[in-house]
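A short write-up of the structure that comes next.
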């Protein structure tokens, strides 16, 4: 009987914790903005490091380095707009979600030449 009571008590406490955690995990807008900005800065740094391979003997690596240079330029020029859009779209303040959003925006402009989206942004520097 004691084991059954203990099990039910543990189950109820666990359910309360699971129910209460999302309420405590809500970030303030200023905190989300800081996470977004830090994520963008981290991606700019990563892209800048990748761009060091621009003189590689491999054409594929050179192309990746050029894309990385363009991404870094795009992120630097449009950081404020990107942060505002992430706030408006309530993007989860996690690196994978931010990176996915930023990649979508970058390729929507550079590869797809989507004029509806492109008019809000400064285009990245072209690398030849």
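The values are calculated or read from the model by the stated rules, or taken from the named source; none is laboratory data. Because the structure is predicted, anything quoted here is derived from the model rather than measured. So basically every Cβ, Gly included, is an ideal-geometry build from the backbone, and we count neighbours across all protein chains shown.
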Residues in the range 79-93 that are part of a loop (DSSP other than H, G, I, E, B) and either more than 16 Å from residue 38 (Cβ to Cβ) or out of contact with any helix residue (DSSP H, G or I) (no Cβ under 9 Å at 6 or more places or on another chain) (or both) total 2
Being modelled with pLDDT under 90, part of a helix (DSSP H, G or I) and either touching a helix residue (DSSP H, G or I) at 6+ places or on another chain (Cβ under 8 Å) or surrounded by 10 or more Cβ atoms within 10 Å (Cβ to Cβ) (or both) is the requirement here; does residue 14 meet it? yes
